[in-house]
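As structure tokens, the structure follows; a few thoughts come after it.
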Amino acid sequence: MPDIDSAAKELSSELTKSKADYSEARFEENQTSQIAYRGKVLESIGRSSASGGNVRALVKGGWGFTSFNELDKLPARVATAVEQAKATGSGKFKLAAVEPVKDNVPSGIGTDPVTIPLVEKKKLLDEYNEIIWCIPGIKTSNIGYGDSRKKVVFVNSEGSFITQERADVTIRLTAIAAKDSEVQQVGLSMGSRGDFKAITKLHKQVKVMAQNAVNLLEAPQAKAGEYTVVLDPILAGVFVHEAFGHLSESDFVYENEKLRELMKLGKQFGVEDLNIIDSASDPPGLRGSFKYDDEGVRAVKTYLIREGKLVGRLHSRETAAKMKEKPTGNARAMNYRFPPIVRMTNTYIEPRKMSFNDIIADIKEGIYAKNWYGGTTAMEMFTFSAGEAYMIRNGKIAEAVRPIMLTGNVFETLMSIDAIGSDLDMNEGGGCGKGGQMPLPVSNGSPHIRIRKCQVGGK
Amino acid sequence: MEEILARAKKSVQDAEVYQVSSEETSVRFEANKLKQLQTSQSTSVALRVVKNGRTGYATTTGTADSARMVNDAIETAEFGQEAKFTLPGKEQYPRVDIYDPAVEKVTIKEMVGLGEKMVAAVTKSTPGIMCEGGVSRGMITVRLMNSRGGFAEFKKSFFSMGIEGTVVTGSDMLFVGESDSSCRPLTDAKKIIDTVLLQLERAKNQAKVTTRKMPVVFTPDGVAGALILPLLSAFNGKTVLEGASPLAQKLGQKAFDVNFSLVDDPTVDYRPGSRPCDDEGVPSQRTPLIEKGIVKNFLYDLQTAALAGKKSTGSGNRGRGTLPSPAASALVITPGKTTFDAMIKDIKEGLVVEQLMGAEQGNILGGDFSGNVLLGYKIENGKLVGRVKDTIVSGNVYKILKEIAAIGSETRWVSGFCQTPPFYCKGLSVSSKG
């Protein structure tokens, strides 16, 4: 069977001949290694490799998509995708125009993380696990490590031919403390765009994490209700991603008149100090960074909210055309098995001037919520869970409370952000899920922010 | 496969090759219109070896290079977990019907027709609703062979369809939806349509609840989403072995309401989670987890069972190529005697919860959950009066399931993995904004 480069070359000319309005093919090969600890035991360690490709075709606004990992009979795959598109399409439609690109983008990392000997990775994880287990009260721990390297070749009927390589490293550690029938856990997630060294100096953080899990056993639960809540950069980053970011993905909006009305550009969404950005291009080298998206569109820095007003959104070529806006290079696919859909990249709240002490200074009774445990959104409604929480009393951080769940209406909550700190920090430990494609490497971040009247779940 | 096994056998004590091939065709609707047709073909191979008493593994999707796979697996075996298990030899498997050749014969046109029917019925009932949905069919072939002569091979067909609707009014959004799946073709969209129309009808008005403790009726979706999830980790043999399961010390003891019985049964015909053997070649069996409130069994794969001094319950699951891990395949809850309507009639002020958002984010191990009601209705003096919004329901499943006010008589499959009736529970924390 051919390798992915020759498969892409073969299809490059085949696509220009196809009868579809537009067609593209994407080939991918990757290698990964994974290590998982459950408790003190190294539970699994393994290596995997994958290769495959897909063809996507557009006819009269309808899409056909076929994925495969047998790289022969390629012209027949094109024919299948075109037939499917023909059976789907019925209208008139043109994608937003972009210049065809020929480019080769190397991964930009020094050492491929997959090739680092397993013994070295295992040594590091052993050190972290040792630290967790040294804390009295710890019942068990979980560690998951993974790295990958991948090469993607993209060709389309307009003459683009783009080869991009990237690497990825992630680690998630969880410390679980138990006493009587009480169980509490605290986690730590980190990642990098292929730089293994970025996760080798977490010893201090791991110790604090394990200690926090034990402390939670004694912590009371906050009373449910409305509070002034201060979010740390990690949790604020999750908030901006989950609650607002997903609403900026145009595929949610473009065919729905009412949502278009709700997300009308120029509308006031927050205070004047509020700027929200999604950018795969700048800063570079984050987990959500790339030069071209999976439709071969060059990535740009997109302001979603500027001075509190909605000014932009994230597009694929299709949504940009339908909304008569410019493509932003946000069409991403998790791997060759999926068509690209509109996704975030690196999403963050721009830092302003306030210090953390000023942010909490005038709060009589509030909650300082840190770290994240999870988050989901259903359009206007969001829920996200903090990994740690503390009461704020009379302008000072006070006792620890059980991890809380925050929930609310995104529009009201954005309006209620009334203080934005200066300490932007990007969290690279997350993965985003949408349309069955999970986890896609993204990063998100923020400085500390303060939200008035935020609803907190509890007793 | 045979080549990989033969090559591995030359340098290791034990080896097992597991291969999954799948083909899937789906039609996808967006914004009330047919949007995309999709096909996918995929094959993946996993190799597990035992060398010097330790486990190693490697997987490949796509072109399998057998020499490289064997080398990768042997490299990882150096650090792998000590292998306590013995791979099964040739086994007798129960007959479980999970393949229906009719699935492959359903035409794209028929699939599009089912989708159009669902969209048409829902949009007709509620002008302005935006529907997404789809119909999929496919086939999976599983082959497994090991160095002890164990061999399994089976085909499974699957068919699923579903629809989700969103109604936007000002900045208010309502979500409804329903799906169904089977190993046989689904030919009738009526069941799904009726459920969605009922949801829309019940959500027509909005209602306010007070912040206090009150009874909650969980519909089958609500039970599966909010109550069953924490139990899945508690009954996992691994969690039990580590002592992290709140049920670890409760085997043989009463920990739940006397009317609550739960069984994991992968031998039910034509359920997507069913199979004749697990992913390690251990025969499928019916495993009672809770019988009349008493904790009966935990779920084990080979390795976890060996470590715990138990027998595998045929619950070894291995996603695509990962090492096996215990997991439930098809959960069945014994229905009770109370109808859903009788539950509602019994309640002065309370809630019906269909979907709880964020329920899975809490302290799952400890059984705490807390979620925003994505779709739920208020009960007032024995009647459903409208949809609730900005409302959080929280509780602890172990406390809630210790005394269940009533278990429903009408049972149904949710997401293909759990068959459950509604549950009527008392004293949940409800907190509402405004």
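Being buried (at least 20 other Cβ atoms within 10 Å of the Cβ), within 8 Å of chain A (Cβ to nearest Cβ) and either over 30 Å from A:N256 (Cβ atoms) or among the acidic types (D, E) (or both) is the requirement here; does B:T43 meet it? So B:T43 fails the test.
Inspect the range B:23-43 for any residue being more than 30 Å from A:L58 (Cβ to Cβ) and in contact with a strand residue (DSSP E or B) (Cβ under 7 Å, 6 or more places away or on another chain) and give the result as yes or no. No; the residues of the range B:23-43 include none that is more than 30 Å from A:L58 (Cβ to Cβ) and in contact with a strand residue (DSSP E or B) (Cβ under 7 Å, 6 or more places away or on another chain). Conditions: (1) crowded, with 17+ Cβ neighbours inside 10 Å; (2) within 11 Å of chain A (Cβ to nearest Cβ); (3) without any contact (Cβ under 8 Å) to a residue 40 or more places away in the chain. B:E78 meets all but one. Number of the miss? The single condition B:E78 does not satisfy is (1).
Tally the residues that are within 20 Å of A:E29 (Cβ to Cβ), touching a residue at least 40 places away in the same chain (Cβ under 8 Å) and not in a loop (DSSP other than H, G, I, E, B), restricting the search to the range B:63-75. Qualifying residue count, the range B:63-75: 5. For A:S107, which of the numbered conditions (1) away from chain B (no Cβ under 14 Å); (2) crowded, with 18+ Cβ neighbours inside 10 Å; (3) among the hydroxyl-bearing types (S, T, Y) fails to hold? Against the list (1) away from chain B (no Cβ under 14 Å); (2) crowded, with 18+ Cβ neighbours inside 10 Å; (3) among the hydroxyl-bearing types (S, T, Y), A:S107 comes up short only on (2).
Here A:G375 meets the list (1) modelled with pLDDT under 95; (2) out of contact with any His (no Cβ under 9 Å at 6 or more places or on another chain); (3) among the small types (G, A, S) almost entirely, failing just condition (2). When you check A:K267 against the structure, is it closer than 18 Å to A:M379 by Cα and either of a type in the set (A, V, I, L, M) or out of contact with any Asp or Glu (no Cβ under 8 Å at 6 or more places or on another chain) (or both), yes or no? It is true that A:K267 is closer than 18 Å to A:M379 by Cα and either of a type in the set (A, V, I, L, M) or out of contact with any Asp or Glu (no Cβ under 8 Å at 6 or more places or on another chain) (or both). Residues in the range B:147-166 that are within 14 Å of chain A (Cβ to nearest Cβ) and touching a helix residue (DSSP H, G or I) at 6+ places or on another chain (Cβ under 8 Å): 2 in all. Out of all the residues in the range B:88-97, is one or more farther than 30 Å from B:S11 by Cα, touching a residue at least 60 places away in the same chain (Cβ under 8 Å), out of contact with any strand residue (DSSP E or B) (no Cβ under 7 Å at 6 or more places or on another chain) and of a type in the set (D, E, K, R)? Yes, the conditions are met somewhere in the range B:88-97. Of the strands (runs of 3 or more DSSP E) lying entirely inside the range A:1-108, the ones with 1 or more residues being of a type outside the set (K, R) and touching a helix residue (DSSP H, G or I) at 6+ places or on another chain (Cβ under 6 Å) are found at A:22-38, A:41-59, A:62-68.
The residue pairs whose first member lies in the range B:349-369 and is on the phi < 0 side of the Ramachandran plot, whose second member is at pLDDT below 80 and crowded, with 23+ Cβ neighbours inside 10 Å, and whose beta carbons are closer than 7 Å, counting only pairs six or more residues apart or on different chains, are B:D368/B:G362; B:F369/B:A359; B:F369/B:G362.
Looking at the range B:81-110, which of its residues are at the interface with chain A (Cβ under 9 Å from one of its Cβ atoms) and either over 30 Å from A:E83 (Cβ atoms) or touching a Gly at 6+ places or on another chain (Cβ under 9 Å) (or both)?
Taking the range B:81-110 and keeping what is at the interface with chain A (Cβ under 9 Å from one of its Cβ atoms), we get B:81-82, B:108-109.
Within the range B:81-110, B:Q81, B:E82 qualify.
Inside the range A:370-418, residues that are of a type in the set (D, E) and within 11 Å of chain B (Cβ to nearest Cβ) make up a count of 2. Note on the range A:381-428: residues that are part of a loop (DSSP other than H, G, I, E, B) and touching a Ser or Thr at 6+ places or on another chain (Cβ under 6 Å) amount to 1.
Here the strands (runs of 3 or more DSSP E) wholly within the range B:339-396 that include at least 1 residues being over 26 Å from the mean Cα position of the chain (by Cα) and away from every other protein chain (no Cβ under 14 Å) are B:349-357, B:368-380, B:383-387.
Tallying residues that are without any contact (Cβ under 8 Å) to a residue 60 or more places away in the chain and among the aromatic types (F, W, Y) within the range B:151-210 yields 1.
Tell me yes or no: at least one residue of the range A:278-295 is touching a Phe, Trp or Tyr at 6+ places or on another chain (Cβ under 6 Å) and in a strand (DSSP E or B).
no
Within the range B:298-329, track down each residue that is more than 15 Å from B:D264 (Cα to Cα), assigned to a loop (DSSP other than H, G, I, E, B) and within 13 Å of chain A (Cβ to nearest Cβ). B:R318, B:G319, B:R320, B:G321, B:T322, B:L323, B:P324, listed by residue number.
Taken as a whole, the structure leaves B:F235 outside the set of residues that are among the aromatic types (F, W, Y), touching a helix residue (DSSP H, G or I) at 6+ places or on another chain (Cβ under 7 Å) and modelled with pLDDT of 95 or more. Can you find a residue that is over 21 Å from B:E349 (Cβ atoms) and under 26 Å from the mean Cα position of the chain (by Cα) anywhere in the range B:207-217? No, the conditions are met nowhere in the range B:207-217.
Being buried (at least 17 other Cβ atoms within 10 Å of the Cβ), within 29 Å of A:K326 (Cβ to Cβ), at the interface with chain B (Cβ under 10 Å from one of its Cβ atoms) and of a type in the set (A, V, I, L, M, F, W, C) is true for just one of A:A85, A:A8, A:A36. Which residue is that? Steps first, please.
On the way: A:A8 fails: at the interface with chain B (Cβ under 10 Å from one of its Cβ atoms); A:A36 fails: within 29 Å of A:K326 (Cβ to Cβ).
Only one candidate qualifies: A:A85.
Listed by first and then second residue, the pairs with beta-carbon distance under 8 Å, at least 6 apart or on different chains, first residue in the range A:199-216 and among the β-branched types (V, I, T), second loosely packed, with under 15 Cβ neighbours inside 10 Å, are A:V214/A:P136. When the range B:8-32 is filtered for residues that are assigned to a strand (DSSP E or B) and in contact with a Cys (Cβ under 9 Å, 6 or more places away or on another chain), the ones remaining, listed by number, are B:F29, B:E30. Just one of the numbered conditions (1) within 20 Å of A:A219 (Cα to Cα); (2) in contact with a Gly (Cβ under 8 Å, 6 or more places away or on another chain); (3) part of a strand (DSSP E or B) is not true of A:G374: (1).
Here's the yes/no breakdown for (1) small (G, A, S); (2) crowded, with 23+ Cβ neighbours inside 10 Å; (3) closer than 22 Å to A:E399 by Cα:
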residue: A:G191; (1), (2), (3): yes, yes, no
residue: A:D195; (1), (2), (3): no, no, no
residue: A:T200; (1), (2), (3): no, no, no
residue: A:A219; (1), (2), (3): yes, no, yes
residue: A:F239; (1), (2), (3): no, yes, no
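Here is the figure for the range A:115-140: residues that are crowded, with 17+ Cβ neighbours inside 10 Å, away from chain B (no Cβ under 11 Å) and part of a helix (DSSP H, G or I) total 5.
Residues that are within 14 Å of another protein chain (Cβ to nearest Cβ) number at least 3 in the following helices (runs of 4 or more DSSP H) confined to the range B:172-254: B:229-234, B:237-241. Scanning for something farther than 30 Å from A:D112 by Cα and surrounded by 19 or more Cβ atoms within 10 Å (Cβ to Cβ), does the range A:42-51 turn up at least one residue? Taking every residue of the range A:42-51 in turn, none turns out to be farther than 30 Å from A:D112 by Cα and surrounded by 19 or more Cβ atoms within 10 Å (Cβ to Cβ).
The values are calculated or read from the model by the stated rules, or taken from the named source; none is laboratory data. Model, not experiment: these values are computed from the prediction. No Cβ is skipped: glycine too gets one built from the backbone with ideal geometry, and neighbour counts run over all protein chains shown.
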